[in-house]
1. Within region 1-37, can you find the residues that are at pLDDT 85 or above, of a type outside the set (D, E, K, R), outside any helix (DSSP H, G or I) and farther than 19 Å from ILE82 by Cα?
2. Does region 217-275 hold any residues that are of a type in the set (S, T, N, Q) and not in a helix (DSSP H, G or I), and which are they?
3. Are any residues in region 160-187 over 14 Å from the mean Cα position of the chain (by Cα) and free of Cβ contacts under 8 Å to residues at least 60 places away in the same chain, and if so, which ones?
4. Wholly within region 89-167, which helices (runs of 4 or more DSSP H) include no fewer than the required count, namely at least 3 residues that are modelled with pLDDT of 95 or more, crowded, with 17+ Cβ neighbours inside 10 Å and not hydrophobic (A, V, I, L, M, F, W, C)?
5. Take the conditions surrounded by 23 or more Cβ atoms within 10 Å (Cβ to Cβ), modelled with pLDDT under 85, over 30 Å from ALA228 (Cα atoms) and not hydroxyl-bearing (Ser, Thr, Tyr) and apply them to ALA177. Does it pass?
6. Determine which member of the set LEU230, LEU186 is at pLDDT below 80 and aliphatic (A, V, I, L, M).
7. Give me the residue from region 38-80 that is crowded, with 17+ Cβ neighbours inside 10 Å and assigned to a loop (DSSP other than H, G, I, E, B) and, out of that set, farthest from the chain's Cα centre (by Cα).
Amino acid sequence: MIRFALLSLLSLTANVYAAESTVDIDTAAKLYQAAAMREQVRASLGAMPEHIRQLFAADSSAKLSEPQLAAVSAAAVRGFRIDVFEAPALQAFAEHLDAATVAKSQAFLTSELGKRVVTADVALATLGETNIDKVMNGQITAPSTPKRDALFDKLERATHSTESTVQIFLNMGQAVAVGTAIGSGLDTVVVQERARKSGEASRAGLEENMRLPMRRFMAYGYRDLSDADLQHVLAFVLSPPGKHYVAAYNEAMGAGFDAMGRRTGEQLGESLRELALAEMAPPLQAMPPAGIVAPPPVLPH
């Protein structure tokens, strides 16, 4: 369902709705296509190199030189690519689906309402970072009523949009840290545990701060859907197949972004090690800035 351009994510409900059986990659790919997951993810990738560079540049614990910051950008360009995302995402999607969920989800996504929902998701993903920030900050809004506000509250919770978005950022931060450690030849266990603790310490605050922006984002994206349409969408995501689909979707997105984070970290570790050898400078410690492990709640990318 509706997600960040990045978005969306290792689900907190994945264990509750574990698949009774898996489906093959081709079957998963058809559902992946129907949900326009590729278009939504691809829309977010262009901004990632500059976004990650800014996070490293702002990190007071590691003052990086211009060549080092250039290496950060280059690593993100090589890591955040749709071909890096897609294979692990599809594998995870297939592993967490079953035939009944595929049939019900495909029927919803290819229905008249489902197609309008997917079109809205893609439109949100392609708004651009500046406009997405404005939507989530409340600078750009859609007309609403108390009834619609209540529906979006239920939809946001039913799709676990806030929790899954936070989880993606936390997992991506760990993946970047571990990848950097691998590339730099450092202790990955120590690095991963440090990143995990940092992320867990910030989880509750991030979720609290992000919930309202996520509802604003959802309300703006679905502004052309009627109240009756929203009720039908809610009915689907609250049904057993819908819950299962949401969990599988989140697993797929989480696996894909983990892969891109690891690739970025590995590329970065290797580049910084080469720079250190060339310049006799100390390599960056294998821990991303706090902004990656626990990013500001309103950043969509």
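1. First, the residues of region 1-37 that are at pLDDT 85 or above: 23-37.
Filter once more, so that each one left must be of a type outside the set (D, E, K, R): 23, 25, 27-29, 31-37.
Checking the rest, the ones that are also outside any helix (DSSP H, G or I) come to 23, 35-36.
VAL23 - this is the single residue of region 1-37 that is at pLDDT 85 or above, of a type outside the set (D, E, K, R), outside any helix (DSSP H, G or I) and farther than 19 Å from ILE82 by Cα.
2. Pass one, region 217-275, residues of a type in the set (S, T, N, Q): 226, 231, 239, 250, 264, 267, 271.
Matches in region 217-275: SER226, SER239.
3. The answer is ASP187, and nothing else.
4. Details: elements: 99-109, 112-125, 129-137, 146-158.
Helices (runs of 4 or more DSSP H) meeting the threshold: 99-109.
5. Details: surrounded by 23 or more Cβ atoms within 10 Å (Cβ to Cβ): yes; modelled with pLDDT under 85: yes; over 30 Å from ALA228 (Cα atoms): yes; not hydroxyl-bearing (Ser, Thr, Tyr): yes.
Criteria met by ALA177.
6. Numbers: LEU230 fails: at pLDDT below 80.
Result of the check over LEU230, LEU186: LEU186.
7. Looking at residues that are crowded, with 17+ Cβ neighbours inside 10 Å and assigned to a loop (DSSP other than H, G, I, E, B), I get LEU64.
The values are calculated or read from the model by the stated rules, or taken from the named source; none is laboratory data. These numbers were taken from a predicted model, which means no experiment stands behind them. When we count neighbours, we look across all protein chains shown, and the Cβ atoms used for this are built from the backbone with ideal geometry, even at glycine.
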